[in-house]
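Below you'll find the structure, written out as structure tokens, and then a few comments.
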Amino acid sequence: MAGSRERHFDREARDGAVGDAEGDLPDAGATISRTLVRLKISEILKTGPSFSFEFFPPRDEKMEAVLEQTLRELEQLSPSYVSVTYGAGGTTRERTHDLVVGIDRDTTMTAMAHLTCAAHTRAELVEIVTRYGDAGIDNILALGGDPPKDLDLPPGELRYAIELVHLIREVGDFSVGVAAHPEPHPRSPSRESDRRHSAEKLRAADFAITQFFFDAEHYFELVESLGRLGVDKPVIAGIMPATSLASIKRMAEMQGSEFPQWLADKLHAVGDDPAAVRRVGIGEATKLCATLLEGGAPGLHFYTLNRSTATREIYENLGLGRAG
Ligand code: FAD
């Protein structure tokens, strides 16, 4: 199959999460052996709406255990693909690599590596991308990145994410995604300038995933603007359910996303009851997802924060799978 990768897949049977070719589950501890055909994300997106999950590399053993459990639970939802973030400036260089390769090797899920160009030399980026190719990873999300200011890192040889898209294309035959910003990127001098640069970047890439947002109009306006600029590549909507008032406000501020008053009011109305805040947040995220899918969004990308419950609940609300 052109552009796809067929490989043999062996691993220890784990809680019946995958079956063998005949559909019978082997005894626990037995080795499952079967052939997996990995499609690139650009090909997966041609098969209908995608549902994907984002993780970050854990910092310690406790967080590792949480992520392992989350991966096991979310694998059962058969996501179209999953992605792993990269600490801008290279702060998670090895951990991102190891997690991406580990997911690809040990689970049934297709993995995508995030990579940011800030503070890296061209040679470093070529080395990182080459290593992914050698490990059989087909999908990279090419990003600018905002390195932590306190690290005082050099600016890097590439200035914008589009240059990283071109570099990745030069190194190998990857499916390349980019970031898009429904509410224009905070460093942009104007909405028009951000839309123009996003269109140019997406022309060179295969698809985009958006920053999270809470009003569907922001997403539809972005897609319309890109269309007017002649770009109709898939723009996957980034979804961050508001499950805690304080943390979602902080994250929205960091990303330059508007935290709308109507949502703040709804959450404040039940503010004393964390379980109710969560319920309202999940309910609103579900409505947003449904509106986006009805309006033709080619996929939803869930910022999971390495937990599974919110994503599973939204999945179930949308009728996509069991939260169980
Ligand atoms: P760019 O495309 O380089 O754009 C940055 C700014 O420059 C924009 O204002 C743009 O309009 C402008 N610009 C672009 N090209 C030009 C040009 N030629 N001339 C003038 N101006 C230009 N960050 C991480 O550190 N690690 C991650 O793993 C990570 N994952 C992310 C995943 C998603 C889905 C998203 C949406 C964001 C992610 N980010 C991540 C955050 C991202 O790195 C920041 O938003 C960053 O500030 C911008 O990245 P970008 O790829 O959009 O950059």
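Quick look at the numbers
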read-out: Table column - 3J(HN,Hα) (Hz), region 66-75, Karplus curve with 6.51, -1.76, 1.60, x for Gly and Pro; value: 4, 5, 4, 5, 4, 4, 4, 6, 6, 4
read-out: Above-threshold pairs, the threshold being 28 Å between Cα atoms, out of Lys149/Lys287; Lys40/Lys201; Lys46/Lys149; Lys40/Lys149; value: Lys149/Lys287; Lys46/Lys149; Lys40/Lys149
read-out: For the chain, share of DSSP beta bridges that run antiparallel, in % to the nearest 5; value: 20
read-out: Residue-wise HN-Hα coupling along region 240-245, computed from phi with Karplus coefficients 6.51, -1.76, 1.60 (Hz; x: Gly, Pro); value: 10, x, 7, 9, 8, 4
read-out: For Phe51, distant residues with modelled amide H under 5 Å away; value: Ser80, Tyr81, Leu300
read-out: Rg over Rh [alpha-carbon atoms, Kirkwood Rh] for region 95-153; value: 1.02
read-out: Sequence-distant residues sharing a close amide H with Leu141 (under 5 Å, placed H); value: Ala113, His114, Leu115, Gly177
read-out: Convex hull volume of region 229-324 per residue (C-alpha atoms, cubic angstrom); value: 122
read-out: Estimated 222 nm signal from helices in the chain, with DSSP H stretches of n ≥ 4 weighted -39500 (n - 2.57), rounded to 500; value: -13000 deg cm²/dmol
read-out: Surface/4 estimate of mean projected area, convex hull on alpha-carbon atoms of the chain, nm²; value: 17.4
read-out: Table column - 3J(HN,Hα) (Hz), region 112-117, Karplus curve with 6.51, -1.76, 1.60, x for Gly and Pro; value: 10, 8, 7, 8, 10, 8
read-out: Student exercise, region 61-168 dipole from Lys, Arg, Asp, Glu Cβ charges, in Debye to nearest 20; value: 200
read-out: Burial order of peptide ranges 110-121, 294-305 (average beta-carbon count within 10 Å, highest first); value: 110-121, 294-305
read-out: Interchain or long-range residues, amide H under 5 Å from Thr92's placed H; value: Gly87
read-out: Fraction in percent of alpha-carbon pairs per bin - 5 Å, region 43-121; value: 3, 15, 25, 24, 17, 10, 6, 1
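Values in this text are rule-based calculations from the coordinates and carry no lab data. Since this is a predicted model, take the numbers as computed values, not measurements. Every residue, glycine as well, gets a Cβ built from its backbone with ideal geometry; the counts of neighbours run over all protein chains shown.
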